[in-house]
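Working notes for the structure below.
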Amino acid sequence: SQGGTKSSTGVFAQGAVEVNGNLSAAGGSAAESCGIRCSFLTVKTVNSSAGGAVAAYGGDCYSRGSSVGILTTGDVTVEYQAQLAAAGRSASDKSRGVWAGGSFTNNGTADCSAGSGGSDSTGLYAEGSVTNTGTLSVKGGTASAGASCGLYAKSLLMSGGALDAHAVYGASGSVGILASTTISGGEVIAE
């Protein structure tokens, strides 16, 4: 998507988006920018040996705007063997790789990172729960007036797989994982 004075979105859908193949989407530089904006996002498994792949990037933002790779009002699901890469860029307000209004479930490979933000910079922000049995990497960027966070959610359930969570400098602090966490299997690295 090209940049604009108000908002710029690569893919906008009022309903659900299911990806069976490859999808790459990016928002341009604007007051608010988003790679993919929808109600629900599912990156599907095509067959037992291959999955779909999504790459979504927000553009640089100004004027108290937010840059988000993927923004949903509901759930994000990455099925077995599927891949997701989402990144927010530099923003005067919030920068988030994934901003899920519901839950985030990863059974594949997901990489969520945020750029520098004003009020906060969070790699994966889920208003519901995060469940991981795949490979999940989350990274918060520099937050000049707020917090840097790798993963923020109501709860985190690890029942296998691997989670790598990092945060860098935040004026109000930094934390790798901010969630009620249950680990019944898998490996977690948090910094």
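Seen from all directions on average, the range 105-157 presents a Cα convex hull projection of 3.2 nm². Here the range 24-129 was treated as a single set of alpha-carbon atoms; its pair distances binned every 10 Å from 0 give 19, 49, 25, 6, 0 percent. FRET efficiency for the Glu191 to Ser159 pair, using the beta carbon distance and R₀ = 22 Å, is estimated at 0.50.
Based on the Stokes-Einstein relation at 25 °C and a viscosity of 0.890 mPa s, and on the Kirkwood radius from alpha carbon pairs, the chain is assigned a translational diffusion coefficient of 157 µm²/s. If you roll a 1.4 Å probe over the chain with all protein chains in place, what percent of the accessible area is carbon or sulfur? Carbon-and-sulfur percentage of accessible area, whole number: 48. Pull up the cross-link candidates among the lysines for Lys139, meaning alpha carbon to alpha carbon under 18 Å and not fewer than 8 places away within one chain. By straight Cα distance, Lys139 reaches Lys94, Lys154. Across the protein chains, with a 1.4 Å probe defining accessible surface, the residues Ile177, Ile36, Ile189 rank Ile189, Ile177, Ile36 from largest area downward. Per residue, what accessible area does the range 34-191 have, given a 1.4 Å probe and all protein chains present, in Å²? On a per-residue basis, 38 Å². Between the range 153-191 and the range 55-128, the C-alpha centres lie 15 angstrom from each other. Once Rg and the Kirkwood radius are both taken over the C-alpha atoms of the range 1-66, their ratio Rg/Rh works out to 1.09.
The values are calculated or read from the model by the stated rules, or taken from the named source; none is laboratory data. Note that the coordinates shown come from a computational prediction; the quantities given were computed from them, not determined experimentally. Because the Cβ atoms are built from the backbone with ideal geometry, glycine has one as well, and the counts that use them run over all protein chains shown. What goes into the accessible areas is simple: the full protein's heavy atoms, side chains included, and nothing from ligands, DNA or RNA. Shrake-Rupley method; radii C 1.70, N 1.55, O 1.52, S 1.80 Å.
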